[in-house]
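The values are calculated or read from the model by the stated rules, or taken from the named source; none is laboratory data. Small disclaimer: the values here were computed from a predicted structure and weren't measured. All Cβ positions, even for glycine, are placed from backbone atoms using ideal geometry, and neighbour counts span all protein chains on display. With ligands, DNA and RNA removed, areas are computed over all heavy atoms of the protein, side chains included. Shrake-Rupley method; radii C 1.70, N 1.55, O 1.52, S 1.80 Å.
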Amino acid sequence: MHLIRLIIKYPNLGNLSESNPELIREIFGDEIKFNSEIEEICGFLTKYYDKIYAQPEAIKQDLIWLEKMGIINQQNYKPLPDVEVVNIDDLVTHPYSDIEPFTRLIKTIHFIIYHPLTYKDKEGCLQSLIKAMQQEKVININCGDSIRKDIEKVLKPFGIFPDFTMKKGYFIGTGILSQTDLIKVFRLLEAQANSLSDPVALSVYETFKGRLGNAKIAHSESYPVRAIYNKNIVDLNSLPNDSLAKKIDVLEGAIASGELLELNRFLGSAEFYNHDSQYNQTEDNSYFLIYPLQIVFHNIGWYLGYEYAEGVNKGLFKFERLDRLFLCRKTHQSREMKQQINALNKL
């Protein structure tokens with residue numbers, strides 16, 4: 001259960017030293033280096049639980065078993081194979097040592113991985129899950145109360161399910177889409193990321209594509225069945241590192257939290273003025289404070305919609321090309337989300 005929980009929390013567990021070294025440093029510090037996948041997994045088990053669980057040979061066997069059961073590395077849903085009974089002298093037992101409750105528990109985990117968020121309004125969350133499992137002949141008709149106890153005694157306490165009450169169907173970790181829907185979302189992202197030149201979208205897309213390939217859900221060199229041909233006219237690679245177009249992730253975080261930002265314009269950026277307009281009273285290359293509200297792709301370029309936070313233009317709104325702006329500093333001052341939403345509606 002602890003191993004399953006860690007795989008849910010860190011889907012690339014065993015390969016994080018290579019794929020996400022920043023996360024390894026954040027959790028373990030700069031001194032820790034893992035020499036193998038199993039060593040990395042054991043390191044996480046020791047860190048989060050206890051070194052008694054971090055036994056390499058046992059973990060290898062657990063991973064083989066989880067793959068055999070279709071909990072990991074299985075492309076399509078297949079009925080759970082029979083769980084073998086192991087006879088060990090002097091075994092310390094627990095409530096799930098018996099074959100019937102243990103098999104039911106593993107079947108529930110296995111089913112939800114491949115059928116997330118099963119839900120019908122008239123039946124409710126848990127009853128929808130139980131009925132779906134019965135229809136697939138995963139469990140028999142009398143297991144309803146047992147499934148409820150499994151959730152209360154194991155699946156939630158061990159972190160297989162999230163702590164909050166799930167009212168619209170059960171899911172495990174980030175597995176909220178079926179494999180078919182996951183591929184559809186990938187195709188949509190593929191169509192946009194390759195044509196809009198958004199560095200954040202491209203980064204997420206490359207990670208997504210690699211993970212789907214590693215999981216053998218979709219070929220890493222898949223055929224692009226869709227494309228959006230609104231090409232960004234700006235070469236983002238040629239922009240300075242402090243350009244807002246290169247700091248989309250910072251900008252998105254500021255928008256989501258209502259954070260105040262200090263910006264400036266690159267020298268020589270094109271400006272289009274209506275000289276009779278009150279909006280142009282302070283349009284020079286000085287620093288200015290704004291609340292960013294929304295990032296918009298329009299025709300051939302990315303724009304930032306924002307609200308002036310100071311000066312004669314305070315409270316006024318503007319759209320401006322992202323590649324013409326750069327981030328001076330984050331103020332770490334935020335306003336209430338209600339104010340942010342009201343401003344967005346005005347924009």
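Remarks
- Projecting the Cα positions of Gly213, Gly315, Tyr49 onto the charge dipole of the chain (unit charges on Cβ atoms of Lys, Arg, Asp and Glu, taken about the Cα centre) puts Gly315 furthest along the positive direction.
- Distance from the C-alpha centroid of region 155-191 to that of region 292-347: 32 Å, rounded to the whole angstrom.
- The length gained on full extension between Glu39 and Ser334, counted as 0.36 nm times the residue separation minus their Cα-Cα distance, comes to 102.0 nm.
- Region 5-156 shape via C-alpha gyration tensor axes, a/c threshold 1.5: prolate
- Spin-label model, Lys156 to Glu262: label points 7 Å out along the Cα-to-beta-carbon direction sit 4.8 nm apart.
- Top positive-direction residue, dipole computed over the chain with Cβ charges, set Ile130, Val296, Met69: Ile130
- Per-residue SASA remark: Tyr119, around 70 Å² accessible (1.4 Å probe; ligands, DNA and RNA not included).
- Think of it as helices only: each DSSP H run of n ≥ 4 in the chain is worth -39500 (n - 2.57), and spread over all residues that comes to -11500 deg cm²/dmol at 222 nm.
- Legend: residue pairs Lys247/Lys318; Lys131/Lys184; Lys209/Lys338, Cα-Cα distance threshold 30 Å; pairs beyond threshold, Lys209/Lys338.
- Annotation for region 109-144 versus region 72-97: alpha-carbon center distance of 20 Å.
- Listed by chain and number, the aspartates and glutamates whose alpha-carbon sits under 17 Å from that of Lys120, ignoring those within fewer than 8 places in the same chain, are Glu136.
- Full extension of the chain between Ile300 and His2 gives 102.4 nm of extra length, using 0.36 nm per residue less the Cα-Cα distance.
- Lys107, Lys346, Lys131, reordered so the largest accessible area comes first (probe 1.4 Å): Lys346, Lys131, Lys107
- A DSSP coil position with no more than 16 other Cβ atoms inside 10 Å describes the following GluC sites (Glu not before Pro) in region 119-201: Glu123, Glu136.
- Placing dummy labels 7 Å off each Cα toward the beta-carbon, the span from Lys78 to Ile141 is 3.0 nm.
- Gaussian network model of the chain, springs between alpha carbon atoms under 10 Å - residue of Phe288, Phe186, Phe164 with greatest fluctuation: Phe164
- Rounded to the nearest 20, the size of the Cβ-charge dipole of the chain about its Cα centre is 1060 debye, with Lys and Arg at +1 and Asp and Glu at -1.
- Among Ile41, Ile59, Ile27: highest mean-square fluctuation, GNM of the chain, C-alpha pairs under 10 Å: Ile27
- Spin-label model, Asn87/Lys68: points 7 Å from Cα along the beta carbon direction are separated by 1.8 nm.
- Here the Gaussian network model covers the chain, with springs between Cα atoms less than 10 Å apart; of Leu239, Leu91, Leu126, Leu91 fluctuates the most.
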